[in-house]
Amino acid sequence: MSDEKQQSPFGDMFTLWQKMVWEGFEMMLKGPAFAAGLGKAFESSTGVQEQIQKSIQASLKAMRLPTVEDLRGITEGLSAMQAQLEALKNYFGAVEAAGKAQEEWRKGIEVTIQRLLAYQAEGQRAFQAWTKQVEDRLRGLQGFWEEGAKRWEEGLRHAAAFAETGQRSLEELSKAVWDTSKKSSGVS
């Protein structure tokens, strides 16, 4: 127990000292001088940072290594190149689509031409069949005409022969009538 009583006064002192330090620190933080000093420290730290940046960039340039600005420029260049590559990709995609459309169109034209040639061949066959029918009918008409012409000639020959026979018969009849009328009239 005696140990506890001996440590106790030092513990109170430590607590008291801690409390005083804390209160002093709070007072310091609340004062306008601290705020002004803190502002100056930040201002000077920004200047220090800029100075450090310039120093680093100068060192990188001296070692021929890219600086932050160089890397930004490279990044911007890469972004521009990526945009151009994307544009080229889109262009080639459009060219490929146009090529496919042209190929489909060409195939459609080939099919149409094949159909037209088939229709033409079918039309030629139909025309040839029709011309054969016309030729057959013309041959039939020609045969009919020739047969009619032969019969006409035969008819004319029969008519001429009949006319000749009729003429002779008339002459004979005329002569017979004349002879009969002479005999009846007594003329010799």
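The values are calculated or read from the model by the stated rules, or taken from the named source; none is laboratory data. Everything numeric in this text was worked out from a predicted model, so none of it was measured. Note: ideal-geometry Cβ built from the backbone for every residue, glycine included; neighbour counts use all protein chains shown.
What to note about this one:
- Test for A87: is it among the aliphatic types (A, V, I, L, M) and surrounded by 10 or more Cβ atoms within 10 Å (Cβ to Cβ): yes
- For V187, the conditions (1) outside any helix (DSSP H, G or I); (2) modelled with pLDDT of 85 or more; (3) not small (G, A, S) all hold with the exception of (2).
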